[in-house]
Amino acid sequence: MSRPTFIDCDRVALKPPDEEDVQFLREGVNHPAVRRYISSFDTPYTESRFREELWPAEHDGDGVSLLVVPTEGEFEGDPVGSVQLLPVVDRDGYANFGVWFHPGAWGRGYALDAGAHLLDYGFSELRLHRVSATVMAPNDASVALCERLGFVHEGTAREAQFADGEFVDVERFGLLEDEWDGPGAVLER
């Protein structure tokens, strides 16, 4: 079934999830490599738990959660991950940026493309003033993604979360509207 595109990017389309995507989403949040550094995915999700806890977030209107679907290449037409601005706090002009991808799609630049266009949507259409991102320090790929997207490192919360059997630092990033130069500036770097 073809879903409407919410945001067209360079190599991917960002689309709202629908019922046919529940299995992909549940498999993704249950993948050990995905769960490793996302504290909210700390235990596996059964279908009923997924529907109760995560599926409403995909639809409840307090943010944006979109599937990343490549428009070319090996994964053309199939979702490979998800990007979010959740929650969106209108009063403060604030949102938190989140992202996860199926490990088979890692290292292909999909997160950078999708993230740049989602941030642009957040600043231009949602009229956000600030977007934050919180990343467990050992997650080098997510730290690098935040840096490439132009986020500024705002601090480290020492040993703030538990991952892989140990307490790990959490890096906090922020990006302000007047620091955002658009997806072209990010993707051309």
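The values are calculated or read from the model by the stated rules, or taken from the named source; none is laboratory data. Since the structure is predicted, the reported quantities are computational estimates derived from the model, not experimental observations. We place every Cβ from the backbone using ideal geometry, glycine too, and count neighbours over all the protein chains shown.
List of remarks:
- Residue 145 being in contact (Cβ under 8 Å) with a residue 12 or more places away in the chain, aliphatic (A, V, I, L, M), surrounded by 14 or more Cβ atoms within 10 Å (Cβ to Cβ) and over 27 Å from residue 108 (Cα atoms): no
- For segment 121-138, the count of residues that are assigned to a helix (DSSP H, G or I), more than 24 Å from residue 25 (Cβ to Cβ) and in contact (Cβ under 8 Å) with a residue 40 or more places away in the chain is nonzero.
- Taken across segment 101-108, residues that are farther than 27 Å from residue 24 by Cα and either outside any strand (DSSP E or B) or free of Cβ contacts under 8 Å to residues at least 40 places away in the same chain (or both) do not occur at all.
- Within segment 123-142, being surrounded by 20 or more Cβ atoms within 10 Å (Cβ to Cβ) and of a type in the set (Gly, Ala, Ser) holds for 133, 142.
Let's see how each residue does on (1) at pLDDT below 70; (2) in contact with a Phe, Trp or Tyr (Cβ under 8 Å, 6 or more places away or on another chain); (3) part of a strand (DSSP E or B); (4) farther than 24 Å from residue 133 by Cβ:
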residue: 4; (1), (2), (3), (4): yes, no, no, yes
residue: 14; (1), (2), (3), (4): no, yes, yes, no
residue: 17; (1), (2), (3), (4): no, no, no, no
residue: 20; (1), (2), (3), (4): no, no, no, yes
residue: 25; (1), (2), (3), (4): no, yes, no, no
residue: 29; (1), (2), (3), (4): no, yes, no, no
residue: 37; (1), (2), (3), (4): no, no, no, no
